[in-house]
Each structure stands twice: as structure tokens, then as C-alpha cells.
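Please treat every number below as a calculation from the coordinates, not as lab data. Note that this is a predicted model, so its numbers are computed, not measured. Methodologically, a virtual Cβ is constructed for each residue, glycine included, from the backbone with ideal geometry; neighbour enumeration extends over all protein chains shown.
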Amino acid sequence: MTTGAALTLACTAGAATLAAMGADCAIASGVSTLKPSPPKQRAKRRKISGNNRFILIGRQLTVNPPLYDPLSPETDQHLRPNLRRELIAKRQALPDLERRDAELAERLQQVLDALEPETLGAYCATRGEFDPLPAVTQWLAAHPECTLALPRVKEATKEMTFFAWAPGEPLRSGPYGIAEPTGEAVLSPTTLLVPCVGFADVGLRLGYGGGYYDRYLAGREEVYTVGLSYACCELHQLDMQPHDQLMDLVLTEDGLYGLDALSLTLVD
């Protein structure tokens, strides 16, 4: 979908399942009317995602599907690594990337306008990820009340912590070759931008397999999560693991996904 068109999102997963996960099925009139789901609803979603077995087939969220056990170690051991390789190669080969990035950046700024975060957690892009920092830098110039934070990880302990960072400040190369802030002021983001290798339309995220974001978000229901990806990385079949944390929204250059997208219409 090109920029300038009205965008209405709907999900065809079962209404009972979505209601159980805290979804609001009302369609809002514009991005300014977006009301993030309350922390209690987000906690319920994440509790369900961590304690039940789900698989997404097309746009259906199914419990205990007959195809295979989605928590099978044998299945997961081979499926997810292969998916990661395929999706990373696919996004790195995307044509017309400048247009795609511009459309995703515009959509991101609209969502930030609606969310009005006090502390925004972002990330430094790697391996063909969408780079949010140019759009975030532009948005922050008009919203100086918002503080920006970037992650640092400890590879030995698998911990991730967010530190204050301002555009123009130095960055250093961290584990996995990803740039990270050098400051020491620890922050707790109220809104968190999360890179997605792949995603399913109810907000299920496929990452790199290290589990950093899943561990960070576990128990932090107050954090509003916005996954960022390209439309070519949407997955129509993905098993859900006990540690997986659902995104509240997932943004691509073509649309919005996730349970909170049910109540959001973008109108340019």
C-alpha cells in the first residue's frame, strides 16, 4: 500500500481467542485515537503466550493443532534457524529500499505521535534491518520531552540493559558487531521498538534466537512494544514457544499488525 492511502487493519483470527488475549476489535477513526491496551491486558496476553501451545496457520490462531506439536524441540531446532536465514537474505535483497524505508519511517512517526512515549527504546540496525534512528531523530526534534535509550547486552549473562543516548553521541561496537551506547545512565523504556527477523500478524515475533528481548520483556507488562519489519518477512505459519513475547503492534512499509492494530486506522 502506498503512502497517502487510508489503511484499515483487521485480523481474522477467532474472536473468542482474540478477546481472551485482550484485543479491542473496534476500528478507530485515525491514528490519533490509538489507545494502547492496558498493562493488565498485555500481561494476560503474555501469560497466555507463555503457557499455551499456539500455531499460526494463515491468519488463524489455533490451540493444539493437529499438524504437529509446536513445542517439539526437533521441529523448532530446524524450523526457526532456516526461517531466519531465508528472511535475512530476503530483506537484504529487497528492491526499492529507499521507498520502503520512507513509508515505514512515516508510519513509525505517526504511531509515536499517538503513543507519546516518555522514554523510547530503539535499536541500532544490523544485517539489513530497518533503521529506526533517522525517523526517531526527526521525531525527537519535535518532542524534546521524550528521552531516547539504546540497548547494551552482556553476552556472558545474556542480559540486555537500556542506556540513555542522544543523536550524535558516540557509539561503540558491541557483541555480535551491533553498535551500542557508551553512557552509563540506565533507563526503562515506556515504549520499545523491537527489530523483527520475521513476524505473524497477531504480533508473534521471530528474532535471532538469543532471547534478549523475550527475557527483557518478561514481567514488564508496562512496556508498550512496537515491532519493526518489512512486509516480505510476514510468516503464515510459525509455532509459538513458551518464552515468546507478543508485540502490541508490528509495523511494516505496507501495514500494521498485532492485536492493537485491530483498533487502529491510519489516515494520511
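Pairs only if they're at least six apart or on different chains, beta carbon under 7 angstrom, first in segment 226-245 and over 15 Å from L256 (Cβ atoms), second assigned to a helix (DSSP H, G or I) and of a type in the set (V, I, T); list them, first residue then second.
Here the result reads D239/T75, each pair linking segment 226-245 to a residue that is assigned to a helix (DSSP H, G or I) and of a type in the set (V, I, T).
Are any of the residues in segment 116-135 exposed (fewer than 13 other Cβ atoms within 10 Å of the Cβ) and among the basic types (K, R)?
no
Given (1) in a loop (DSSP other than H, G, I, E, B); (2) touching a strand residue (DSSP E or B) at 6+ places or on another chain (Cβ under 6 Å), identify the lone condition not met by E145.
All conditions are met except number (2).
Hey, can you tell me all the residues within segment 154-176 that are in a strand (DSSP E or B), out of contact with any Ser or Thr (no Cβ under 8 Å at 6 or more places or on another chain) and touching a residue at least 40 places away in the same chain (Cβ under 8 Å)?
E159, M160
Quick one: what pairs do we get from segment 184-205, first residue over 21 Å from G128 (Cβ atoms), second among the acidic types (D, E) and surrounded by fewer than 24 Cβ atoms within 10 Å (Cβ to Cβ), C-beta under 6 Å, 6+ apart or different chains?
Note: pairs meeting the criteria are T190/E118.
I'd like to know if segment 210-228 contains one or more residues that are in a loop (DSSP other than H, G, I, E, B) and buried (at least 24 other Cβ atoms within 10 Å of the Cβ). Give the steps one after another, and end with the answer.
If we filter segment 210-228 for residues that are in a loop (DSSP other than H, G, I, E, B), which is where we start, we get 210-211, 218-223.
Now restrict to residues that are buried (at least 24 other Cβ atoms within 10 Å of the Cβ): none.
Checked segment 210-228: no residue is in a loop (DSSP other than H, G, I, E, B) and buried (at least 24 other Cβ atoms within 10 Å of the Cβ).
State whether the residues of segment 75-92 include one that is of a type outside the set (D, E), within 21 Å of E253 (Cα to Cα) and buried (at least 19 other Cβ atoms within 10 Å of the Cβ).
Yes, the conditions are met somewhere in segment 75-92.
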